[in-house]
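The values are calculated or read from the model by the stated rules, or taken from the named source; none is laboratory data. From a predicted model like this one, the values you see are computed outputs, not experimental measurements. Glycine also receives a Cβ, built like all others from the backbone with ideal geometry; neighbour counts cover every protein chain displayed. In case anyone asks, the SASA skips ligands and DNA or RNA and just uses the protein heavy atoms, side chains included. Shrake-Rupley method; radii C 1.70, N 1.55, O 1.52, S 1.80 Å.
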Amino acid sequence: MLRIVERNATIVRNIFLNLAIFLLPIPRLRRSVLRWFGNEVADDAQIGLSVFVDSRLRLAPGSRIRSFSCFSGVTLSLQKRASIGSLNIFKGYFDVLLGEGASIGNICQFKNGGPKLVAKRSRFSMGPTSNVTSGHYFDLSADIEIGHGTVIGGRGSSFW
């Protein structure tokens, strides 16, 4: 019974959080709601219209998440001036750490099988000033680390 109540509370929390993100046109109010739900969001961090389900955010000053991305089950830590573009999918049981000035382009996918298939929480990390351009796939069944100043270019690359 307690497990059902906890799951229902999580569902309600996710619904309210995502409604607030989509319905609040004023960025300051959006950041306040995210903080109220336990996220760490800097005053000048930018959050577009994206969906967050069972995810945690730590956004440093100048960091940015653009619109129309989906985050499910992940922990995001963006350092100063780090950014995530539009139309990305982050789904699974992993942590994302973007170093200072690092960026992820548009239409990328970051996935793993979740806690039922992955024994421990994996990690995707990017060093300072590294860049992932658009249209790539990352399987995070294990850790992936991209070093300082590295650029992953082209389109359609897969990392397993």
(Q) Cut-off under 18 Å on the C-alpha distance; same-chain residues fewer than 8 positions from Lys80 excluded. Which aspartates and glutamates are left, in chain and number order? (A) Glu40, Asp43, Asp44, Asp95, Glu100
Q. Considering the chain as a Gaussian network with a 10 Å cut-off on Cα pairs, which listed residue, Phe138, Phe16, Phe110, attains the greatest mean-square fluctuation?
A. Phe16
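Could you order Arg123, Arg31 by accessible surface area, starting with the largest, using a probe radius of 1.4 Å?
Details: Arg123 110, Arg31 35 Å².
Of Arg123, Arg31, the descending order of accessible area is Arg123, Arg31.
Suppose every K and R has +1 on its Cβ and every D and E has -1 on its Cβ; what is the size of the dipole of the chain about the Cα centre, in Debye to the nearest 20?
Values: 20 positive and 10 negative charges, 68 e Å.
The calculation lands at about 320 debye.
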Q | With DNA, RNA and ligands ignored, accessible area of Leu117 (1.4 Å probe; Å², nearest 10) | A | 140
Q: List the lysines whose Cα lies under 16 Å from the Cα of Lys120, skipping any in the same chain that are fewer than 8 positions away.
A: Lys91, Lys111
Q | Accessible-area order (highest first, 1.4 angstrom probe) of the listed residues His148, His136 | A | His148, His136
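Quote the relative contact order of the chain in percent (integer), defining contacts as alpha-carbon pairs under 8 Å separated by 6+ residues.
On the way: 409 pairs, mean separation 21.1, N = 160.
It rounds to 13 percent for the chain.
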Q: Report ³J(HN,Hα) in whole Hz for each residue of segment 97-108, in order, from the Karplus equation J = 6.51 cos²θ - 1.76 cosθ + 1.60 where θ = phi - 60°; Gly and Pro get x.
A: 10, 10, x, 4, x, 6, 8, 10, x, 9, 6, 9
Q. What Kirkwood hydrodynamic radius do you get for the chain when you take the inverse of the mean 1/r over all pairs of distinct Cα atoms, in Å?
A. 15.9
Q. Quick one: accessible area per residue over segment 28-117, 1.4 Å probe, rounded to a whole number of Å²?
A. 46
Q) Carbon-plus-sulfur fraction of the accessible area of the chain, 1.4 Å probe, in percent? A) 58
